[in-house]
Amino acid sequence: MSDSRWVKMHRPSSFAGFGGSSGPGHAIDKQQLVNIVLLGEGNPGLTLIPEALSPWYNTTLKDYSFDVALANQMLDQAGYKDIDGDGIREMPDGSKKLEFRFNWPSDSTVAPRAAELISTMWSKIGVKLDLQAWILMRSLRFVAPLMITTLSSGAGALILILPSC
């Protein structure tokens, strides 16, 4: 396993409609991800640069607080409501469910459990994740030493970055 153990969520600007800038980010308990997926051997991360690379690590960044009530409030205020009462929010115009595909490299030993945990966390704010592994060639590990897991929809993608094993 890599020496840098960390978990980070990246939110592209196409997701800014989620209650401003951080709605669903407040519904992810990154410390729980570290505790369960990495067996407590790591720290929640904020950037692609881990703290171990301190000359390049940005110490001024602040993380999202873990606050499910705030995440729900931000989504409500942005117009994402569960119109039909099935537990999954709809887009503000009611055209689609707030449902995303969550992909990860099939040879990952940590991503399936992380995906399950995030899916459970986001179900508490009315966001559904469809979990799916990518079949990935091992040779890609030379190109990308970090496995990159994406959450995608028609609106864009979120990326979960975990250490490669």
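The values are calculated or read from the model by the stated rules, or taken from the named source; none is laboratory data. From a predicted model like this one, the values you see are computed outputs, not experimental measurements. Cβ atoms come from the backbone with ideal geometry, glycine included; neighbour counts cover every protein chain shown.
Among what's in the range 1-54 and is surrounded by 15 or more Cβ atoms within 10 Å (Cβ to Cβ), assigned to a helix (DSSP H, G or I) and of a type in the set (Gly, Ala, Ser), pick the residue that is modelled with the highest pLDDT. Going through the qualifying residues, I end up with Ala27. From the residues in the range 55-78 that are in contact with a Gly (Cβ under 6 Å, 6 or more places away or on another chain) and under 19 Å from Gln31 (Cα atoms), which one is surrounded by the most Cβ atoms within 10 Å (Cβ to Cβ)? Looking at the filtered set, the residue picked out is Ala71. Whenever a residue of the range 83-109 is over 14 Å from Trp134 (Cβ atoms) and touching a residue at least 40 places away in the same chain (Cβ under 8 Å), its partners that are surrounded by 12 or more Cβ atoms within 10 Å (Cβ to Cβ) and of a type in the set (S, T, N, Q), lying with C-beta atoms within less than 7 angstrom and at least six residues away or across chains, give the pairs Phe100/Ser152; Phe100/Ser153.
Residues that are over 26 Å from Val34 (Cβ atoms), touching an Asp or Glu at 6+ places or on another chain (Cβ under 6 Å) and of a type outside the set (Val, Ile, Thr) within the range 55-96 comprise just one, Arg89. Scanning the range 79-117 for residues that are closer than 20 Å to Ile28 by Cβ, among the hydrophobic types (A, V, I, L, M, F, W, C) and assigned to a loop (DSSP other than H, G, I, E, B) yields Ile88, Leu98, Val110.
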